[in-house]
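Worksheet: the structure to be examined is printed underneath.
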Amino acid sequence: MRRYGQQIYRWSRAYGLQEADAQDVTQTVLVKLTEKLRSFCYDPARSFRAYLKTLTHYAWCDFLELHKRPGAGSGDSAMVQTLQTVEARDDLVQHLNAAFDRELLEEASEQVRQRVEPHTWEAFRLTALEGLSGAEVATRLSMKVATVFKARSKVQQMLQEEIARREGP
C-alpha cells in the first residue's frame, strides 16, 4: 500500500475520478493485486509498473460500469476479508517492493548512463557498485582521486533526480 497506493491513486485521479472515487478504485486495485499475486510470476524483462497501471485502468472501467446502474454499490464482505488477509502477505509485498525498486533503479541507471561520459559512469560503477576504493579506481581509469569522487557524486545525484522524476510527485 505504501509503495503502490499513491501511484494507483494518482492514475485514478488522472482518469478524472473525484478524490473519494479514486480512493475506492485504489482500494479495489490493491485487493485485485493481492488476489492476482497468488499466481503472479515476475518477469524482469517486463514492467511491473505497466502491469499495475493496466490493473488500475481495468478497475477504473469496472468502477464506471458499476456506477452506471442506479442504486449500485458494494456491500461485499468478501472484499473486507480479502483486505484483512493482506497483512499475511507482507513477505510477498516486500519481494514485490524489492523487484519494483530494482526495476526503477535499472531504468533510471540506463537513462543516466546515456547522459554521462563513459569514464564518469565507470568511475561511479567501480566505486558505488563494485566497492573499489577511490585510489584503485583512479589508478585503473587514469584519473585523479578527487575526480573519481566527483564523478560518483554527480551520477548519484542524477540517479536520485531520475528516480524522483519517475516516481512522480
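Bear in mind these aren't lab numbers, they're just calculated from the coordinates by the rules spelled out. Note that this is a predicted model, so its numbers are computed, not measured. Glycine also receives a Cβ, built like all others from the backbone with ideal geometry; neighbour counts cover every protein chain displayed.
Tabulated results
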| read-out | value |
| --- | --- |
| Those trypsin sites (Lys or Arg not before Pro) in segment 113-169 that DSSP places in a loop and that have at most 15 other beta carbons within 10 Å | LYS144 |
| Added length on full extension, which subtracts the Cα-Cα distance from 0.36 nm per residue, GLU65 to ALA50 | 3.1 nm |
| FRET efficiency, ALA99 to ALA146 (Cβ-Cβ, R0 41 Å, nearest 0.05) | 0.65 |
